[in-house]
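Down below is the structure, laid out as structure tokens.
The values are calculated or read from the model by the stated rules, or taken from the named source; none is laboratory data. Note that the coordinates shown come from a computational prediction; the quantities given were computed from them, not determined experimentally. Positions of Cβ are generated from backbone atoms using ideal geometry, with glycine treated the same way; all protein chains shown enter the neighbour counts.
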Amino acid sequence: MITPKPRILFFNPVRHAIAAFEALSKVAQVEIVTSKSRQDFFRDIEGKYYDIRAIYRTSASGVVAGNFDEEFIARLPPSLKFICHNGAGYDQIDVEACKARNITVTYAPDPVTNSTADLTMFLLLGALRNLNAAIYNLRRGNFKNGVDFGHDPQGKILGILGMGRIGKAVAQRAIPFGLKLIYHNRTPLPDRMTGGATYVSFDQLLSDSDIISIHVPLSKATRYLIGEKEIWAMKPGVVVVNTARGAIIDEAAMAKALDQGHVASVGLDVYEREPQIDERLMKNERALLIPHLGTHTTETLAQMEELAMENARRGVLGEELVTVVPELLLQKKL
């Protein structure tokens with residue numbers, strides 16, 4: 001009797017790592033979800049998807065399913081043991097609900113590091129040099145007239161909020177520009193791991209930084225970590241860059257501070273209620289805005305797809321997983 005291949009349900013098609021997808025299809029039954037909405041999926045899970053072993057998802061999976069919240073996790077079949085997320089940020093997944101159902105969640109942290117750090121530097125330099133307003137002026141037919149002066153990075157204090165993989169990569173990229181580096185983390189890191197950045201308190205990072213770059217994950221503890229109080233504790237004329245998660249910043253408070261000139265400029269890749277963006281940010285030429293493109297390169301996306309699929313393959317074949325989310329790793333160690 002032939003044992004059926006384990007089923008892996010893809011909430012999004014693989015676009016770049018095609019060879020890895022084809023290899024996976026030889027050992028597992030891979031299929032792309034056909035449900036058109038969350039309620040459709042709940043109906044389908046009782047029928048055609050009743051025996052899936054793993055789910056592959058990306059940040060765009062919410063278009064069909066919404067967040068993988070407690071309600072969603074509760075509706076998954078008993079056969080489902082793995083949710084393999086293609087990305088570093090997994091705030092859309094209720095890990096505690098997964099833990100209660102004995103579902104292991106994996107993520108793809110390493111591939112996103114370089115592309116996100118590269119984009120951070122683009123936003124940092126663009127916001128500091130006031131390039132967005134200059135570009136707008138150029139397209140309106142004013143080659144250089146009416147463009148405010150920008151600033152050089154040399155000698156400016158860059159405050160890195162969150163010294164994880166991406167924070168460290170940003171520090172490495174910032175040094176050649178002559179920026180002075182300080183950072184705040186939940187705990188200080190050994191000096192050899194900080195790229196020459198000096199550890200400071202959260203309050204000191206806010207008050208001392210000429211530029212603040214945000215690199216913390218979104219959680220209950222970090223939602224609105226940068227609110228109105230924190231924004232007004234920053235230096236007048238501060239530049240704020242965010243390539244982490246939009247809801248770490250109170251977007252309305254940031255837009256107000258930008259309009260009032262307390263914040264000189266912002267470079268943002270992420271927003272509180274994507275794809276909606278505060279109208280004041282949209283209208284302010286000192287806001288350099290891009291539509292969540294931190295990992296939007298062919299090479300990075302291929303690496304993310306490969307890692308998520310490798311976790312799925314290992315999971316359904318009973319092999320050791322590559323990148324389990326930290327909360328579940330901690331549980332296993334305890």
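Quick notes
- Test: Glu285 is in contact with a helix residue (DSSP H, G or I) (Cβ under 6 Å, 6 or more places away or on another chain), in contact (Cβ under 8 Å) with a residue 60 or more places away in the chain, on the phi < 0 side of the Ramachandran plot and crowded, with 19+ Cβ neighbours inside 10 Å: no
- Within segment 307-334, being under 18 Å from the mean Cα position of the chain (by Cα) and either crowded, with 20+ Cβ neighbours inside 10 Å or in a loop (DSSP other than H, G, I, E, B) (or both) holds for Leu307, Ala308, Thr323, Val325.
- Only residues that are under 18 Å from the mean Cα position of the chain (by Cα) and surrounded by 20 or more Cβ atoms within 10 Å (Cβ to Cβ) were counted across segment 65-86, and they come to 5.
- Residue count for segment 262-275, restricted to those that are buried (at least 18 other Cβ atoms within 10 Å of the Cβ) and under 19 Å from the mean Cα position of the chain (by Cα): 7
- Residue in segment 33-44 that is in contact (Cβ under 8 Å) with a residue 24 or more places away in the chain, within 20 Å of the chain's Cα centre (by Cα) and assigned by TED's automatic domain parsing to the domain that holds Gln303 present: no
- With respect to the stated conditions, Asp259 fails to be crowded, with 21+ Cβ neighbours inside 10 Å and charged (D, E, K, R).
- Qualifying positions in segment 98-120 - out of contact with any helix residue (DSSP H, G or I) (no Cβ under 9 Å at 6 or more places or on another chain) and assigned to a helix (DSSP H, G or I): Leu119
- Residues satisfying the stated conditions in segment 233-250, i.e. outside any loop (DSSP other than H, G, I, E, B), within 14 Å of the chain's Cα centre (by Cα) and of a type in the set (A, V, I, L, M, F, W, C): Val241, Ala247, Ile248, Ile249
- Top-ranked residue in segment 6-32 [being within 24 Å of the chain's Cα centre (by Cα) and assigned to a loop (DSSP other than H, G, I, E, B); ranked as surrounded by the most Cβ atoms within 10 Å (Cβ to Cβ)]: Val14
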